[in-house]
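These notes concern the structure reproduced below.
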Amino acid sequence: MTDPDADVRIESRVLLDGLIDAVLIADHAGVIRYANPAVARLLKTDVSDLRGRPLTMIIPERLRQQHMAGLARYLSSGTPHLIGGAPVRLPVLRADGTEIDIDLSLSAHRTDDGEEVFLGTLRDLGDRIELERQRAIASYLGTSREVMTRLVTGPEPITVEDAAPVLLATLGEGLGWDGGSVWTFDLDRRELRAIATWSANGDDLAAVMTRGVVMQVGEGLPGTVALAAEPSWIETVSTESIFIRQERARDVGVRSCFAFPVFVGGEVHAVVEMYSRAPQGPEPELLAILQAAGLEIGRHLERAQARRHLVEMAEALQSSLLPPLSPVVPGLDVAVRYRASGGAGQIGGDFFDVFPLPDGAWAVLIGDVSGRGPRAAALTALARYTLRAAAIGAESPRAVLAMLNDVVRRELETAYEGDERFLTVAYLTIVPNPDGLEVRIACGGHPFPLARRADGTVEEVRCQGDLIGAFDVHESRDEAVQLRPDDMLVLVTDGVLEARHEQQEFGVDGLRAVLSSPHVSDASGLADSIEEAVLDHLGGNGQDDLAIVVLRLPPALEDASSSTIDVQVAELNV
């Protein structure tokens, strides 16, 4: 074998040896004639092990035939394909059998003896490829987060059909793909149908790919993904047998696609399929991220469905805690307003009731359980129905509250396991007399009722009493109030008095101001005025539960004991 160094006389040998870039020279037979130390470092070998060896030793076996064919084509035709052109990314083989990606730049030269040789510069792309990979992953994660952000901040989706438009548009725009569709999975029929499509620029790409198509489980890309419960990527749809819509793909120019499952309740519920007119190589990181996104989208839908179910249950339970609409009370004009603060799925702790007593009197009550939610609702129901039972045969309102306190104390000690809850109640009875109506009131820690007289003056009914459930023995006393024609009695919960705006409460003064207005003439008008004043004071801020009960003796009734007026109850705003 000839000495390679003698045959290649390059005056810049010292310069080449000192370059950071890896440089090698090969002759027309593909034999390595020179390699600088940077090549040895790149390929994890010695320079002496490279010189005089065939170039194919650093080319992965799967690419060697292609390399030799290209070299032969150049030598026979003189037409270069890679020589003198832009760098080409390809893998090279290290001495230890591992592969690395490089950028290869080729140029042809002649030695002083006229021999043609090829000079190749190899640049390690490991750091650049890793950086590109990290950037791609960050982009994929950003798109996935944007999908969830739009689903969370927009109108809450309950079903996959609700989420599909946002899901497809966000994925398509974020990834730069040309179209997409969502296929729902019918477990009974074992088939998939497209329920939503999206195409960039508003064209019909996705519609063409899905129109009238029904796939069985295991059939086509969506069916395969549904069966395997994992994502899949097709780089070239025209050569992939699993892609059964090749003719449609040709019509609209689709070259690549991928799909991933959406899980609801632990099962594949839908498949998202995306289309690209440009060839797209598989991106394992993107598929992994989308697999996780399919799980998270499903969990979001499950939570939304659970919240919807909770709201329906809460609304039904809240309705059961309130009296029926339009009861009739002899000789009395009654208006009630109720507003729960907790929002959808929350149950308010305020309650009220109006019901007849066996002796011909009527009972009216209003109360407020501390907290909200299921435990508060259970205590609310207990209080309301206990009051109804205790009212039968009770000697006085204070006796009713004492019995309620006993029941609540036992409940708190047993079912609530030391939960320090309590409630406030104002309970009153109404009995007609020659002068109008006699009202007897007992309070258990509740805000004092206010009486608005026919002349516009406002009086506070100071009914003292302990919180219900706070002490073993309940202490309170009965107060008597006489309602004459056109007098009104107003009972409210803390949600009215403690309505706050910029640290200022609506308070008793705010309530007195509304009651003093000369423009209010009936119970319904006064109840409306109180509610509107409280909401105006809040200025859009959050509120507590509130309940308002207004009792009025109409002035036109000469015989209050024989006349009846329908109770006006506003539509509940829960």
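Sort largest first and round to whole Å: the equivalent ellipsoid semi-axes of segment 454-547, each the square root of five times a Cα gyration tensor eigenvalue.
Details: eigenvalues 116, 96, 20 Å².
Semi-axis lengths for segment 454-547 are 24, 22, 10 Å.
Quick one: putting +1 on the C-beta of Lys and Arg, -1 on the C-beta of Asp and Glu, what dipole do you get for segment 374-517 around its Cα centre, in Debye to the nearest 20? Working shown, then result.
Numbers: 15 positive and 24 negative charges, 72 e Å.
Charge dipole, segment 374-517, about its Cα centre: 340 debye, nearest 20.
Rounding to the nearest 20 debye, state how big the charge dipole of segment 496-542 is about its Cα centre with +1 on each Lys and Arg Cβ and -1 on each Asp and Glu Cβ.
Numbers: 2 positive and 9 negative charges, 19 e Å.
The dipole of segment 496-542 has a size of about 100 debye.
How much accessible area per residue does segment 153-305 have, counting only protein heavy atoms and a probe of 1.4 Å, in square angstrom? The partial results should precede the final answer.
Details: 6600 Å² over 153 residues.
That works out to 43 Å² for each residue.
Provide the solvent-accessible area of residue 263, counting protein heavy atoms only and rolling a 1.4 Å probe, rounded to the nearest 10 Å².
Result for residue 263: roughly 20 Å² accessible.
In the full protein assembly as shown, how much of residue 20 is accessible to a 1.4 Å probe, in Å² to the nearest 10?
150
Heavy-atom accessible area per residue, segment 492-538, 1.4 Å probe: how many Å²? Don't jump to the answer; show the numbers that get you there.
Numbers: 2270 Å² over 47 residues.
On a per-residue basis, 48 Å².
Restricting the calculation to Cα positions, tell me the Rg (one decimal) and the Dmax (whole number) of segment 436-487 in Å.
Rg and Dmax of segment 436-487, Cα atoms, are 13.1, 43 Å.
Any idea of residue 25's accessible area? Nearest 10 Å², probe 1.4 Å.
My reading of the accessible area for residue 25 is about 0 Å².
Taking segment 166-317, how much of its Cα-Cα pair set, in percent, is spaced more than 22 angstrom apart?
On the way: 4446 of 11476 pairs.
Percentage above 22 Å: 39.
Carbon and sulfur: what percent of segment 150-261's accessible surface (1.4 Å probe)?
44
The values are calculated or read from the model by the stated rules, or taken from the named source; none is laboratory data. All values reported here derive from a predicted model rather than from experimental measurement. Glycine gets a Cβ as well: all are built from the backbone with ideal geometry, and neighbour counts include every protein chain shown. To get the accessible areas, we keep the full protein, side chains included, count just its heavy atoms, and leave off ligands, DNA and RNA. Shrake-Rupley method; radii C 1.70, N 1.55, O 1.52, S 1.80 Å.
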